[in-house]
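Only one structure is covered here, and it is reproduced in the block below.
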Amino acid sequence: MAYTVSKLKDYSQATLDKAAEKLLAALEKEAAEVKSDSDWKAFRDRWMARKNGLLAQVNDLWLKPAPKEAKRDVGQRVNELKQRVEQTIESALQGLQSGASVSRLESERLDITLPGIHRPIGAEHPIIKTMNEVVAVFRDLGYSVQEGPEIETDYYNFEALNFPPNHPARDMQDTLFIANQQAKPQREQLVLRTHTSPVQIRTMEKMKPPIRIVIPGKVYRNDPPDASHSPVFHQIEGLAVDTKITFGDLKGTLDHAMKAFFGSSVKTSFRPSFFPFTEPSAELMVSCFICGGSGRRGSDPCRPCKQTGWIEILGCGMVDPNVFQFVKENGYDSEKVSGFAFGMGADRIALLKYEVDDLQLFFQNDVRLLRQFA
Ligand code: 2NL
């Protein structure tokens, strides 16, 4: 039976004590039964509602009819009961909330010892990997890395690199030109850079000698794609300028770099060559790191070196004084400084190193190829 407030039969201390005791017992019992927010609201309203709440009834049935001489005493008791009711309602709410936060902790429990969710991660592309490895070799020698724009002016891409005005590389056959440049003077006309060499000129314009730099980057040529060509490919160039740099420095530096990159057992060999921006120029051959220089793999001919035992890796040479002429005002006086430079194709080196036989595989991004580098 739910508790109800009834009239007092008299206003003696004993009757008042008993009535208060009954009320408080009911209050505690109901508070203990509050299990949810809606329980609590019903509990609060049953006791506190202005109209006909139990406290309002206490007021109406106990205090109002009390005779004058008992009013003070009854009023005080009613006030005490009112405070107890308010406190009990408040602590029932708090009990509900702390119970809720315990269950929230329970539901958000995180076991950090469980294995994580496996997400497949990407891998460095073999060309980028090759570039990073080559760059790391030169970083260890104290070279800094430079980068520059892929859209270049004729000046930086050709003129300052000692290409004569009618050199075949300036032809539409070889170079990708930006459209609608004819109105500009030739040196300002824009092309997609055909090598990373323009960055060497830009660096010499902003940094005085001595310098040691490597430049990795994308370059462009008007070549249709096939197993060994692509309109976009990658180069790594290097440049060292100082007083008294000799061809011996070039040979020693590049021999070390090849051993660091391909393994200490490779040999190097230099053969005469030609580039517009170097004099003298050379091609660097590395003993075949696939067959060890024998030209054979077991009973088969070695394909990467075409049975010669040697693989061409890069072009190099001593910086042509005509190139220094363009940056002479920044301290590059060919009477005072000399330098060597080299350039290599990262794509070709990656093809050889990983024995991939079609350059297009590097640009199709088929996961079956890429996964092998993960
Ligand atoms: C190759 C050959 C080479 C250079 C690049 C260079 C740059 C300046 C001055 C002199 Cl600013 N040289 N770069 C020199 C020799 C060869 O590249 O076969 N690259 C794929």
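Rolling a 1.4 Å probe over the protein heavy atoms of the chain, with every protein chain left in place, gives an accessible area that is 52 percent carbon and sulfur.
Once the Cα atoms are used to define both axes, helix 37-48 deviates from the longest principal axis of the chain by about 30 degrees. Global size of segment 103-164: 24.8, 81 Å for Rg and Dmax (C-alpha atoms, Rg to one decimal, Dmax whole). Near Asn132, once Lys and Arg are set to +1 and Asp and Glu to -1 for all other residues with Cβ below 11 Å from its Cβ, the sum equals 0. Rg and Dmax over the alpha-carbon atoms of segment 277-374 stand at 19.1, 59 Å.
In the chain, helical runs assigned H by DSSP with n ≥ 4 each contribute -39500 (n - 2.57); averaged across all residues and rounded to the nearest 500, the mean residue ellipticity at 222 nm is -11500 deg cm²/dmol. Dividing the convex hull volume of the alpha carbon atoms of the chain by its residue count gives 334 Å³ per residue. Taking 0.36 nm per residue of separation and subtracting the Cα-Cα distance, full extension of the segment from Ser103 to Leu369 would add 90.8 nm. Past the 19 Å Cα-Cα mark, which pairs from Lys244/Lys328; Lys18/Lys82; Lys218/Lys328; Lys184/Lys328; Lys22/Lys51? Listed pairs above 19 Å: Lys218/Lys328; Lys184/Lys328; Lys22/Lys51. Highest mean first, the peptides 111-122, 220-231, 266-277, 338-349 sorted by other C-beta atoms within 10 Å per residue fall in the order 338-349, 266-277, 220-231, 111-122. Looking at segment 233-294, the accessible area is 44 square angstrom per residue; that uses a 1.4 Å probe and ignores ligands, DNA and RNA.
Taking all protein chains into account, the per residue accessible area for segment 1-50 stands at 70 Å² (1.4 Å probe).
Once the 1.4 Å probe is applied to the protein heavy atoms, segment 87-218 comes out at 61 Å² accessible per residue. Overall, segment 259-374 carries a charge dipole of about 580 debye about its Cα centre when +1 sits on the Cβ of Lys and Arg and -1 on the Cβ of Asp and Glu, all other atoms neutral. Relative to the longest principal axis of the C-alpha atoms of the chain, give the angle of the C-alpha long axis of helix 197-206, reported between 0 and 90° and rounded to the nearest 10°. Between the helix axis and the principal axis of the chain, the angle is about 70 degrees.
Springs join every pair of Cα atoms under 10 Å in this Gaussian network model of the chain, and among Leu63, Leu352, Leu314 the largest mean-square fluctuation is at Leu63. Packing here is the average count of other Cβ atoms within 10 Å per residue, and on that basis the peptides 127-137, 182-192, 246-256, highest first, run 127-137, 246-256, 182-192.
Could you tell me the distance between the Cα centroids of segment 119-173 and segment 15-67, to the nearest Å? Segment 119-173 and segment 15-67 have Cα centres separated by 87 Å. At a Cβ-Cβ separation cutoff of 4.7 angstrom, cysteine residues of the chain with no neighbouring cysteine are Cys316. Counting Lys and Arg as +1 and Asp and Glu as -1 over every other residue whose Cβ lies under 13 Å from the Cβ of Phe342, the net charge comes to -3.
Expressed as a whole percent, how much of the Cα-Cα distance distribution for segment 134-227 exceeds 18 Å? Here the tail beyond 18 Å accounts for 50 percent of pairs.
The values are calculated or read from the model by the stated rules, or taken from the named source; none is laboratory data. All values derive from a computational prediction rather than experimental measurement. Note: ideal-geometry Cβ built from the backbone for every residue, glycine included; neighbour counts use all protein chains shown. Calculation scope for accessible area: heavy atoms of the full protein, side chains included, ligands and nucleic acids excluded. Shrake-Rupley method; radii C 1.70, N 1.55, O 1.52, S 1.80 Å.
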